[in-house]
2 protein chains.
Amino acid sequence: MGFKHSDEAVERLKSKSIKPSMQRVAIMDYLILNRTHPSVDDVYKGLSASIPTLSRTTVYNTLKLFSDKGAALMLTIDESRVNFDGDTSPHTHFLCKNCGKIYDLQVPSPVKEVIGMSLAGHQISEIHYYYKGVCKACLEG
Amino acid sequence: MGFKHSDEAVERLKSKSIKPSMQRVAIMDYLILNRTHPSVDDVYKGLSASIPTLSRTTVYNTLKLFSDKGAALMLTIDESRVNFDGDTSPHTHFLCKNCGKIYDLQVPSPVKEVIGMSLAGHQISEIHYYYKGVCKACLEG
DNA sequence: TATAAAATTGTAATAATTACAATTATGGGA
DNA sequence: TCCCATAATTGTAATTATTACAATTTTATA
Ligand SMILES: [Mn+2]
Ligand SMILES: [Mn+2]
Ligand SMILES: [Zn+2]
Ligand SMILES: [Zn+2]
């Protein structure tokens, strides 16, 4: 049981009918290993060393593809950049306005089941619960 | 009972200790009259005719000020621009991925009372519940 | 191997936002 | 009322995230 990291990434892509190219596997692997809700640039910088030919455009296109196919979440919690999450299970997010970190939160969420359903006649495909404030680390620092 | 529009705007600003300059009142008035969750540019374009000397920078600064002081909400539901809401009461939002409109939703929200409280040790100052999908109008169109 | 389609790359363009210095408005003494 | 300090506004230039797009490379298939 348990995949080697790359295999988990490959499996994830296959299960979402995304062709597992070298770059896509590397990017998905990065998301799986880095639970920090990285930005496009975080992913790009994090992989540039091991894939010197990697293009920023590919990172943009790939993360967009992951989000469209449901293989990753695109978070819009931060007004100045988009962040990505390899964890697609239902959970909520907290953004620290002081340090910029995005934390996972397990908060009782009432209407997670609403996906695919309709709300006031609108067809829902995504739910995002965002909290903002000052994080524990910044409060204690 | 009931204010003239401008007076309601002035009252709102005063109650949040924001000095009611001509531009600030006009911008707050715009938010109160336009419940469409306008972008910075919407506000700027909407007021340019009546205030020809208005600067985009002022609109940016003012909406940021409103958000900081709690006189308006800054929504980050749309990845490509920020939107503002003169309605600061607890409610949730729906973004149509097709037409881009942002709708208000009244959804049972579990943890609205959490503002000013702490969650996992973090100090919460804002809560945003965002839903995305295709709106009723686009579905029927 | 030849060929077509798909993916990746690099650069240039776009568009939202911010920085900043100059100008204008405001309010409280003298 | 006039001066002056401070706050607010303006206009332009700079920054930065994101997108467009054409060229190149990779992949799959016949
Ligand atoms: Mn997460
Ligand atoms: Mn609203
Ligand atoms: Zn923090
Ligand atoms: Zn729509």
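The values are calculated or read from the model by the stated rules, or taken from the named source; none is laboratory data. The model shown is predicted, which means the values in this text are computed figures rather than measured ones. A quick note on method: Cβ atoms are made from the backbone with ideal geometry, for glycine too, and the neighbour counts reach across all protein chains shown. In case anyone asks, the SASA skips ligands and DNA or RNA and just uses the protein heavy atoms, side chains included. Shrake-Rupley method; radii C 1.70, N 1.55, O 1.52, S 1.80 Å.
Got a number for residues in segment B:20-44 being within 14 Å of DNA strand D (Cβ to nearest atom), out of contact with any His (no Cβ under 6 Å at 6 or more places or on another chain), more than 14 Å from every other protein chain (Cβ to nearest Cβ) and outside any loop (DSSP other than H, G, I, E, B)?
Final tally of qualifying residues: 11.
Taking residue B:57 as meeting all but one of (1) among the hydroxyl-bearing types (Ser, Thr, Tyr); (2) without any contact (Cβ under 8 Å) to a residue 12 or more places away in the chain; (3) closer than 30 Å to residue A:106 by Cβ, write down the number of the exception.
Among (1) among the hydroxyl-bearing types (Ser, Thr, Tyr); (2) without any contact (Cβ under 8 Å) to a residue 12 or more places away in the chain; (3) closer than 30 Å to residue A:106 by Cβ, residue B:57 violates only (3).
Can you name every residue in segment A:83-94 that is open to solvent by less than 30 Å² (accessible area, probe 1.4 Å) and either of a type in the set (Lys, Arg) or in contact with a strand residue (DSSP E or B) (Cβ under 7 Å, 6 or more places away or on another chain) (or both)?
A:83, A:84, A:85, A:91, A:92, A:93, A:94
Which is within 16 Å of DNA strand C (Cβ to nearest atom) and charged (D, E, K, R), of A:104, A:85, A:78? Break it down into steps so the answer makes sense when it comes.
On the way: A:104 fails: within 16 Å of DNA strand C (Cβ to nearest atom); A:85 fails: within 16 Å of DNA strand C (Cβ to nearest atom).
Going through A:104, A:85, A:78 in turn, just one is within 16 Å of DNA strand C (Cβ to nearest atom) and charged (D, E, K, R): A:78.
Tell me whether segment A:33-56 contains one or more residues that are closer than 17 Å to residue B:129 by Cα and more than 16 Å from ligand 3 (Cβ to nearest atom).
As a first pass, look at segment A:33-56 and keep what is closer than 17 Å to residue B:129 by Cα: none.
No; the residues of segment A:33-56 include none that is closer than 17 Å to residue B:129 by Cα and more than 16 Å from ligand 3 (Cβ to nearest atom).
Taking the condition among the acidic types (Asp, Glu), modelled with pLDDT of 95 or more and surrounded by fewer than 17 Cβ atoms within 10 Å (Cβ to Cβ), does residue A:41 pass?
yes
Residue by residue, here is whether (1) within 14 Å of residue B:84 (Cβ to Cβ); (2) open to solvent by less than 50 Å² (accessible area, probe 1.4 Å) holds:
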| residue | (1), (2) |
| --- | --- |
| B:7 | no, no |
| B:10 | no, yes |
| B:22 | no, no |
| B:33 | yes, no |
| B:37 | yes, yes |
| B:54 | no, yes |
| B:63 | yes, yes |
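Can you tell me which of A:89, A:50, A:67, A:17 is of a type in the set (S, T, N, Q), within 11 Å of the chain's Cα centre (by Cα) and not in a helix (DSSP H, G or I)?
On inspection, the qualifying residue turns out to be A:89.
Within the group B:69, B:97, which residue is surrounded by fewer than 19 Cβ atoms within 10 Å (Cβ to Cβ) and either within 14 Å of chain A (Cβ to nearest Cβ) or within 16 Å of ligand 3 (Cβ to nearest atom) (or both)?
B:97
Mind listing just one residue for me: the one in segment B:118-133 that is open to solvent by 40 Å² or more (accessible area, probe 1.4 Å) and not hydroxyl-bearing (Ser, Thr, Tyr) and, of those, modelled with the lowest pLDDT?
The selected residue is B:120.
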